[in-house]
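Visitor: Below is the structure I would like to discuss, written out as structure tokens.
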Amino acid sequence: MDADEFAEKAVGLHERVARAVMATCGDRALSEECAAEALLRSWERVEAGDELRSLEGWTMTVAINVCRSRVRRMGAERRALERFHATESPAATAGSHDDTGDRRPAEHVMAAVLSLPERQREVVALHYLEDMSTAEIAEIVGSTPNAVRNALHHARTTLACVLAPEAGTTDEAEQEVQR
């Protein structure tokens, strides 16, 4: 693959990767950075003469891994600040809210997806936003197709309870929320 071919593919790929990462972390700026870093690493591999079996798959994998790393690092930094008795300003916490009554539907859905465990967020983002198969997702997240299907099942069950609690819950859905 030459530079022109890579550039052509990378233009459309950046937005798709950023969108998938955004759904897993909820931070637009972070998702854009992770997508850009993943594309840069992809280019470095291509320029070095490595043949990537799937540019899209490899780039998605790298972007999600970069995001995981950064989120872990930010959590560690936050915990370190807490240990040193750093407190958040009242103005910063005043804007946060637990109720979802005043959110728009898309914000309510995003909040529900972001409340899922990390693996479930990732598979939901890749399956529903990027329309990837369970086999493609399994390759990206380093899992098996059956594990991806299982994560999707649990995510759907949880989201159904969170997003439509008035519709009545099944025993299985109630058990999933309790986990």
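The values are calculated or read from the model by the stated rules, or taken from the named source; none is laboratory data. Only a predicted model underlies this, so the values are computations on that prediction, with no experimental measurement involved. Neighbour counts run over all protein chains shown; Cβ positions are idealised from the backbone, glycine included.
Visitor: What about G49, is it without any contact (Cβ under 8 Å) to a residue 24 or more places away in the chain and surrounded by fewer than 17 Cβ atoms within 10 Å (Cβ to Cβ)?
Guide: Details: without any contact (Cβ under 8 Å) to a residue 24 or more places away in the chain: yes; surrounded by fewer than 17 Cβ atoms within 10 Å (Cβ to Cβ): yes.
In short, yes.
Visitor: How about the range 122-135: which of its residues are modelled with pLDDT under 90, surrounded by fewer than 20 Cβ atoms within 10 Å (Cβ to Cβ) and either outside any loop (DSSP other than H, G, I, E, B) or assigned by TED's automatic domain parsing to the domain that holds C67 (or both)?
Guide: Residues satisfying the conditions are Y128, L129.
Visitor: Is the range 138-158 home to any residue that is part of a helix (DSSP H, G or I), in contact with a Pro (Cβ under 8 Å, 6 or more places away or on another chain) and modelled with pLDDT of 85 or more?
Guide: Taking the range 138-158 and keeping what is part of a helix (DSSP H, G or I), we get 138-141, 145-158.
Filter once more, so that each one left must be in contact with a Pro (Cβ under 8 Å, 6 or more places away or on another chain): 138.
From what is left, the residues that are modelled with pLDDT of 85 or more are 138.
Yes, there is a match, as at least one residue in the range 138-158 is part of a helix (DSSP H, G or I), in contact with a Pro (Cβ under 8 Å, 6 or more places away or on another chain) and modelled with pLDDT of 85 or more.
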